[in-house]
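Chemist: First the structure, which I've put down as structure tokens, then a few questions once you've had a look.
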Amino acid sequence: MPVPIYVIGSSNTDLVVKTERLPKPGETVLGGTFLMNPGGKGANQAVTAARLGSHVTFVAKVGSDIFGKQAMQQFQRENIGTTFITTDTEHPSGVALIGVDASGQNNIIVAPGANSHLDIRIVEQALERVEGAAIVLLQLEIPIHIVEFAIERCAAKGLTVILNPAPVQALHEQVLRHLHIITPNEFEAGMLTGIEVVDVTTAEQAAQKLQALGVANVVITLGAKGAYLRSGTKGKLIAAPPVTAVDTTAAGDCFNGALAVALSEGVALEEAVTFACKAASISVTRMGAQSSIPYRKEVNEISLLSVL
């Protein structure tokens, strides 16, 4: 029977503008389509896990504004557990300003708002509720001391922790030693290790360094190339299905949520990374964050097509 998934993280509203190219510093460009979508790394990952069939509890904080109310309605529609989502009456909900160019690449500025005030007591209450096995998925759009506290508590309870280190910042080795998996992209892996990741060889070097720092398993996401997995003494590139990208927003979040789902079902790590690559490949063919996240049937169909 699948184990439950707890996502501790951020909830934002994404304000997205599609443009031919992203502006240089000091430049104004005319954009095209404007979209307002629910987002936030934590929320995106929670929605992914729920759509792919897992029992998900989300631990987060939203504002008492319209964005916060809309987010709560969305979580309830997705059948996500909201017991540990609190409302901040002093700070607004998080907002992300996103530009997307013609190739699907993006740049993002986040105003974290209520995410910066997630209460450590709520996190503690959520983790105290966990009985038996569970997977806990975290990112870095909430205060780092909350992330560190959660990881320490998970280690004490023997829970499986996946950390998506985004947006990237320095991490203590003591924290890294408690992780089951870390999932940086190329840029984040470079920032964490000092090794610029530009190909499979440098991905292998960065993964080895992260293991040397104490992480048991390393998955470096490589965009259209797929993901580089290093577990134990072996490394392997897991290819992603070829697609035409429209918007890469939330692709990493979709990957992480799908990875957690597969592992919660007892799937071996290599197979879980393959499943996550397939889910993320669907998400980049659609605009938006949560609006791009696939359902289980869609991922299963890609799985069937890939073996024909």
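Chemist: Which of the numbered conditions does Leu35 fail, given that it passes all the others? Conditions: (1) at pLDDT below 95; (2) part of a loop (DSSP other than H, G, I, E, B).
Modeler: For Leu35, the failing item is (2).
Chemist: Of the conditions (1) among the polar types (S, T, N, Q); (2) part of a strand (DSSP E or B); (3) within 24 Å of Ala245 (Cβ to Cβ), Thr48 clears all except one; give me its number.
Modeler: Failed condition: (2).
Chemist: All but one of (1) under 28 Å from Ala212 (Cβ atoms); (2) at pLDDT below 95 hold for Gln290; state the number of the condition that does not hold.
Modeler: (1)
Chemist: Moving to a separate point now. Any idea how many residues of the stretch 209-232 are of a type outside the set (Ser, Thr, Tyr), farther than 23 Å from Ser103 by Cα and touching a residue at least 24 places away in the same chain (Cβ under 8 Å)?
Modeler: 10
Chemist: Right, something else. Among the residues of the stretch 108-122, count how many are buried (at least 22 other Cβ atoms within 10 Å of the Cβ) and over 30 Å from Thr19 (Cβ atoms).
Modeler: 1
Chemist: Take the conditions touching an Asp or Glu at 6+ places or on another chain (Cβ under 7 Å), modelled with pLDDT of 90 or more, of a type outside the set (Val, Ile, Thr) and surrounded by fewer than 17 Cβ atoms within 10 Å (Cβ to Cβ) and apply them to Arg77. Does it pass?
Modeler: In short, no.
Chemist: Quick test of your reading of the structure: Cys277 fulfils all but one of (1) within 18 Å of Ile98 (Cβ to Cβ); (2) outside any loop (DSSP other than H, G, I, E, B). Name the failing condition by number.
Modeler: Condition (1) is where Cys277 drops out.
Chemist: Right, here's the next one. Out of (1) under 20 Å from the mean Cα position of the chain (by Cα); (2) surrounded by fewer than 23 Cβ atoms within 10 Å (Cβ to Cβ); (3) modelled with pLDDT under 95; (4) not hydroxyl-bearing (Ser, Thr, Tyr), what's the single condition that is false for Ala216?
Modeler: (3)
Chemist: Can you confirm whether Glu20 is assigned to a loop (DSSP other than H, G, I, E, B), surrounded by fewer than 16 Cβ atoms within 10 Å (Cβ to Cβ) and either of a type in the set (A, V, I, L, M, F, W, C) or free of Cβ contacts under 8 Å to residues at least 12 places away in the same chain (or both)?
Modeler: No, not satisfied.
Chemist: Restricted to the stretch 83-93, and to residues that are buried (at least 20 other Cβ atoms within 10 Å of the Cβ) and touching a Phe, Trp or Tyr at 6+ places or on another chain (Cβ under 8 Å), which residue is farthest from Val62 (Cα to Cα)? Don't jump to the end; show me each part of the working.
Modeler: So in the stretch 83-93, the residues buried (at least 20 other Cβ atoms within 10 Å of the Cβ) come out as 84-85, 88, 93.
Subsequent filtering for residues that are touching a Phe, Trp or Tyr at 6+ places or on another chain (Cβ under 8 Å) retains 84-85, 93.
Values: Phe84: 11, Ile85: 7, Ser93: 5 Å.
Restricting to residues being buried (at least 20 other Cβ atoms within 10 Å of the Cβ) and touching a Phe, Trp or Tyr at 6+ places or on another chain (Cβ under 8 Å), the top hit is Phe84.
Chemist: From the list Thr249, Thr244, Thr221, pick out the single residue that is at pLDDT below 95 and under 17 Å from Pro165 (Cα atoms).
Modeler: Thr249
Chemist: Which one of these is out of contact with any Phe, Trp or Tyr (no Cβ under 8 Å at 6 or more places or on another chain) and among the hydrophobic types (A, V, I, L, M, F, W, C): Leu222, Leu259, Leu263, Leu237? Give the steps one after another, and end with the answer.
Modeler: Values: Leu222 fails: out of contact with any Phe, Trp or Tyr (no Cβ under 8 Å at 6 or more places or on another chain); Leu259 fails: out of contact with any Phe, Trp or Tyr (no Cβ under 8 Å at 6 or more places or on another chain); Leu237 fails: out of contact with any Phe, Trp or Tyr (no Cβ under 8 Å at 6 or more places or on another chain).
On inspection, the qualifying residue turns out to be Leu263.
Chemist: Ile238 - would you say it is in contact with a Gly (Cβ under 7 Å, 6 or more places away or on another chain), surrounded by fewer than 23 Cβ atoms within 10 Å (Cβ to Cβ), over 23 Å from Asn107 (Cβ atoms) and among the β-branched types (Val, Ile, Thr)?
Modeler: For Ile238, the condition - in contact with a Gly (Cβ under 7 Å, 6 or more places away or on another chain), surrounded by fewer than 23 Cβ atoms within 10 Å (Cβ to Cβ), over 23 Å from Asn107 (Cβ atoms) and among the β-branched types (Val, Ile, Thr) - is met.
Chemist: Taking the stretch 10-48 only, how many residues are over 17 Å from Thr249 (Cα atoms) and under 16 Å from the mean Cα position of the chain (by Cα)?
Modeler: 0
Chemist: Can you spot a residue in the stretch 245-263 that is in contact with a Ser or Thr (Cβ under 6 Å, 6 or more places away or on another chain), in contact (Cβ under 8 Å) with a residue 40 or more places away in the chain, surrounded by fewer than 24 Cβ atoms within 10 Å (Cβ to Cβ) and part of a loop (DSSP other than H, G, I, E, B)?
Modeler: For the stretch 245-263, residues in contact with a Ser or Thr (Cβ under 6 Å, 6 or more places away or on another chain), in contact (Cβ under 8 Å) with a residue 40 or more places away in the chain, surrounded by fewer than 24 Cβ atoms within 10 Å (Cβ to Cβ) and part of a loop (DSSP other than H, G, I, E, B): present.
Chemist: Just one of Ala96, Ala71 is closer than 19 Å to Gln139 by Cβ, of a type in the set (Gly, Ala, Ser), surrounded by 22 or more Cβ atoms within 10 Å (Cβ to Cβ) and at pLDDT below 95; which is it?
Modeler: Ala96
Chemist: So Pro242 passes all but one of these: (1) more than 24 Å from Ile135 (Cα to Cα); (2) assigned to a helix (DSSP H, G or I). Which condition number does it fail?
Modeler: (2)
The values are calculated or read from the model by the stated rules, or taken from the named source; none is laboratory data. Bear in mind that the values here come from a model prediction, so they are computed numbers and not experimental data. Note that each Cβ is placed from the backbone with ideal geometry, even for glycine, and that neighbours are counted across all protein chains shown.
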